[in-house]
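Below you'll find the structure, written out as structure tokens, and then a few comments.
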Amino acid sequence: MKKIVFLGSKPIGYLCFKHLIEHQTSHNFTIIGILTNNNKRFGEEYDIPQLAKKHNIPLIPSLDELMKLPDIDIMFSIQYHQILKKHHIQKANEIAINLHMAPLPEYRGCNQFSFAIINNDKTFGTTIHQIAEGIDNGPILFEKRFPMPENCFVQDLYDITFQKSLELFEENALKIIAGDYTLTNQEDLIEKRGTSLHYRKEMQALKQIDLSWPKEKIERYIRATSMPGFSPSFTFVNGKKINFSFE
């Protein structure tokens with residue numbers, strides 16, 4: 001029986017964790033532990049520790065404690081909040097995988113939805129890849145690509161990618177456990193697809209709108225940086241900061 005460790009948070013992490021729980025018995029694997037940041041922002045509906053407790057799956061408090069486990073075959077990372085180091089990755093005897101809610105190698109790191117809108121992309125995607133040292137640069141196992149809605153906002157693109165990411169995981173998680181996959185090196189795709197790496201700290205600069213820009217560019221940057229629950233895009237008029245609001 002294969003031994004699985006799950007690392008994850010947020011609603012997508014909850015739903016992927018739930019999917020694995022539901023298939024343990026029928027597919028001869030067991031989830032021996034979970035690491036999560038216990039993020040309460042999304043409400044009780046997506047309470048990962050509570051779901052783990054309900055199914056008697058131990059909570060692992062830290063990556064240091066993960067290293068003390070005697071045996072792990074596969075690690076699934078879904079929106080986990082820490083970057084795994086080489087010794088963490090190698091703890092998995094078979095493979096450690098990550099679900100990255102963006103196409104690879106085009107958009108590694110953060111803010112992928114915003115940059116796709118800023119770059120006026122026509123398609124987007126979501127990817128399951130092997131975890132390697134670095135950020136989102138391991139070989140690809142499975143991916144799903146789809147057209148971007150015209151003139152979409154960040155929330156629109158996020159919602160579509162969320163659903164496609166869940167579909168991708170549910171279609172392929174059990175294949176990963178069975179070893180039914182091939183690996184495609186991202187380096188072999190860069191010439192055709194391009195690549196970029198973005199960091200969370202870039203977002204504040206993206207939100208500052210220059211009113212001298214063409215109208216289309218202003219509108220595109222506002223769509224790319226305006227999302228409920230986060231600080232809005234803004235500009236300065238006569239030295240005064242003005243926020244863009246859609247309420």
Inset, instruction - Out of the residues in segment 118-164 that are over 16 Å from the mean Cα position of the chain (by Cα) and within 22 Å of TYR181 (Cα to Cα), state the one that is surrounded by the fewest Cβ atoms within 10 Å (Cβ to Cβ). - result: GLU133
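With the condition kept exactly as written, say whether any residue in segment 191-202 is assigned to a helix (DSSP H, G or I), aliphatic (A, V, I, L, M) and in contact (Cβ under 8 Å) with a residue 60 or more places away in the chain. Spell out how you get there, then give the answer.
Taking segment 191-202 as the starting set, the residues that turn out to be assigned to a helix (DSSP H, G or I) are 191-193, 200-202.
Right, trim to aliphatic (A, V, I, L, M) and you get none.
No, there is no match, as no residue in segment 191-202 is assigned to a helix (DSSP H, G or I), aliphatic (A, V, I, L, M) and in contact (Cβ under 8 Å) with a residue 60 or more places away in the chain.
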Inset, instruction - Please find, among GLU187, GLU191, GLU219, the residue that is charged (D, E, K, R) and not assigned by TED's automatic domain parsing to the domain that holds ALA116. - result: GLU219
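Hand me the list of helices (runs of 4 or more DSSP H) wholly inside segment 25-122 holding 3 or more residues that are out of contact with any Ser or Thr (no Cβ under 7 Å at 6 or more places or on another chain) and without any contact (Cβ under 8 Å) to a residue 24 or more places away in the chain.
Here the list reads 48-54.
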Inset, instruction - Could you tell me whether any residue of segment 208-221 is surrounded by 12 or more Cβ atoms within 10 Å (Cβ to Cβ), among the hydrophobic types (A, V, I, L, M, F, W, C), within 20 Å of the chain's Cα centre (by Cα) and assigned to a loop (DSSP other than H, G, I, E, B)? - result: no
Legend entry - For PRO70: the one exception among (1) surrounded by fewer than 16 Cβ atoms within 10 Å (Cβ to Cβ); (2) closer than 22 Å to HIS88 by Cα; (3) at pLDDT 95 or above; (4) not hydrophobic (A, V, I, L, M, F, W, C): (3)
Inset, instruction - Please indicate, with yes or no, whether at least one residue in segment 224-232 is assigned to a helix (DSSP H, G or I) and either surrounded by 15 or more Cβ atoms within 10 Å (Cβ to Cβ) or not assigned by TED's automatic domain parsing to the domain that holds PRO139 (or both). - result: yes
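The values are calculated or read from the model by the stated rules, or taken from the named source; none is laboratory data. On a predicted model such as this, the values are computed, not experimentally measured, just so you know. Cβ atoms come from the backbone with ideal geometry, glycine included; neighbour counts cover every protein chain shown.
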